Amino acid sequence: MNKKIAVLIACHKQFNVLNTNYFCPVQVGSALSNKKIDGYLQDDVGDNISAKNKRYCELTAIYWAWKNIQANYYGLFHYRRYLSLRPTLHLPVTKYLSKKAIKTFGWTDNQLENLTEKYDIIVPKKVLTFGNYNQYKKGKNHYIRDLDFCIDVIKTNYPQIYPYAKKYLKSWTGYFCNMFIFKKEIFDNYCTWLFDILQKHEQKFDCADYNPYGYRVSGFLAERLLGVYITYLKGLKKYKIKHTDMVKIKYPNIAK
């Protein structure tokens with residue numbers, strides 16, 4: 001599949017979502033579902049990790065796009081969380097995916113083209129934590145051994161990124177929800193790095209004794225690793241980066 005821009009919108013069932021040339025709803029965990037959603041992309045086609053969705057969450061869509069879509073820019077939104085593509089004074093919440101919301105937050109193919117012509121990276125604004133490492137350590141159903149293992153892999157295999165990992169994990173502001181839009185070369189490098197770390201973690205810890213929420217461990221780890229990687233990219237001082245609001249859609253199952 002070839003696209004100029006591919007912003008996947010991760011869904012586990014049918015919702016009222018954007019479906020345009022560049023906004024592409026994808027059913028995550030399709031390999032585990034008895035019902036495929038008409039009109040949605042499926043993450044179990046071609047090279048994929050769809051069957052690992054319970055552990056990898058929305059990352060199965062990211063992996064699928066990496067292996068099966070050719071694009072100049074890649075992104076990930078969620079069925080109830082989008083990145084605003086237009087400066088706005090409005091609160092980053094909308095009840096429905098309405099025409100007004102689409103206009104207010106710039107969720108159009110034209111606006112996507114405009115932004116990707118100006119920026120290499122589009123990510124959500126950082127939110128306040130009580131320290132990214134401590135936030136994970138104290139998180140319900142999180143186990144700090146998992147994050148420690150990933151940090152050790154970075155230290156050993158990616159020493160150029162390790163200082164940025166330390167800096168980010170000590171920081172009191174963080175990126176969440178695995179949401180971004182990246183230029184192709186950045187996306188390719190990020191996925192190579194991310195899935196290498198997560199696959200090493202999976203080989204070390206099967207996490208079979210975790211409860212269903214805790215078993216989403218690879219997705220949780222990726223949220224922290226995305227913050228590490230963005231911090232690294234900022235440190236390179238070679239990319240144009242835009243931070244924007246993350247908009248919550250309160251009722252994504254209702255068409256309006």
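The values are calculated or read from the model by the stated rules, or taken from the named source; none is laboratory data. On a predicted model such as this, the values are computed, not experimentally measured, just so you know. Here the Cβ is made from the backbone with ideal geometry for all residues, glycine too, and neighbour counts use every protein chain on show. Surface accessibility is based on the protein's heavy atoms, side chains included, excluding ligands, DNA and RNA. Shrake-Rupley method; radii C 1.70, N 1.55, O 1.52, S 1.80 Å.
With θ set to phi - 60°, apply the Karplus curve 6.51 cos²θ - 1.76 cosθ + 1.60 along segment 60-67 and write out the HN-Hα couplings as whole Hz, x wherever there is a Gly or Pro.
5, 6, 4, 4, 4, 4, 4, 8
Calculate the dipole size of segment 36-100 relative to its Cα centre from +1 charges on Lys and Arg beta carbons and -1 charges on Asp and Glu beta carbons; express the result in debye to the nearest 20. All intermediate terms of the calculation are to be shown ahead of the outcome.
Numbers: 11 positive and 5 negative charges, 85 e Å.
Charge dipole of segment 36-100: 400 debye, to the nearest 20.
Can you put MET1, MET246, MET179 in order of accessible area, largest first, using a 1.4 Å probe?
Values: MET1 95, MET246 55, MET179 0 Å².
Putting MET1, MET246, MET179 in descending order of accessible area: MET1, MET246, MET179.
With θ taken as phi - 60° and the coefficients 6.51, -1.76 and 1.60, list the Karplus ³J(HN,Hα) couplings across segment 152-167 in order, rounded to whole Hz; mark glycine and proline as x.
Going residue by residue, I get 5, 5, 4, 4, 7, 9, 9, x, 5, 9, 4, x, 6, 5, 4, 4 Hz, with x marking Gly and Pro.
Considering only CYS191, ASN157, ALA10, whose Cα is most displaced toward the positive end of the charge dipole of the chain, charges sitting on Cβ of Lys, Arg (+1) and Asp, Glu (-1)?
Of the options given, the answer is ALA10.
If amide hydrogens are placed 1.01 Å from N in the peptide plane, which non-local residues have theirs closer than 5 Å to the one on ASP43?
Amide H neighbours of ASP43, under 5 Å, 5+ apart: GLN27, GLY29, SER30.
Per-residue HN-Hα couplings for segment 190-205, Karplus 6.51 cos²θ - 1.76 cosθ + 1.60 at θ = phi - 60°, whole Hz, x for Gly and Pro?
Along segment 190-205, the couplings run 5, 5, 4, 5, 4, 6, 5, 5, 5, 5, 5, 5, 5, 5, 7, 10 Hz.
Per DSSP H run of n ≥ 4, the term is -39500 (n - 2.57); total these for the chain, divide by its residue number, and report the mean residue ellipticity at 222 nm rounded to 500 deg cm²/dmol.
Values: 9 runs with 101 residues, N = 256.
Only helices count here, giving -12000 deg cm²/dmol.
If you place +1 on the Cβ of every Lys and Arg and -1 on the Cβ of every Asp and Glu, how big does the dipole about the Cα centre of the chain come out, in debye to the nearest 20? It would help to have the intermediate numbers written out before the result.
Numbers: 41 positive and 20 negative charges, 212 e Å.
Rounded to the nearest 20 debye, it is 1020 debye.
What does the highest-first list of 91-99, 193-201, 75-83 look like by mean Cβ count within 10 Å?
On the way: 91-99: 15.0, 193-201: 18.8, 75-83: 24.1.
Ranking the peptides 91-99, 193-201, 75-83 by packing returns 75-83, 193-201, 91-99.
Between (i) 73, 51, 32; (ii) 47, 44, 33; (iii) 66, 39, 32, which entry matches Cα extents along the principal axes in Å as derived from the coordinates of this structure?
Recomputing Cα extents along the principal axes in Å here gives the entry labelled (ii).
Amide H of ILE9: which non-local residues (sequence gap of 5 or more, or other chain) have their own amide H closer than 5 Å, using H built in the peptide plane?
Here CYS24, VAL26, PHE77 satisfy the definition.
Find the accessible area per residue for segment 82-180; the probe is 1.4 Å, ligands and nucleic acids are left out, and the unit is Å².
Working: 5380 Å² over 99 residues.
Dividing the accessible area of segment 82-180 by its residue count gives 54 Å².
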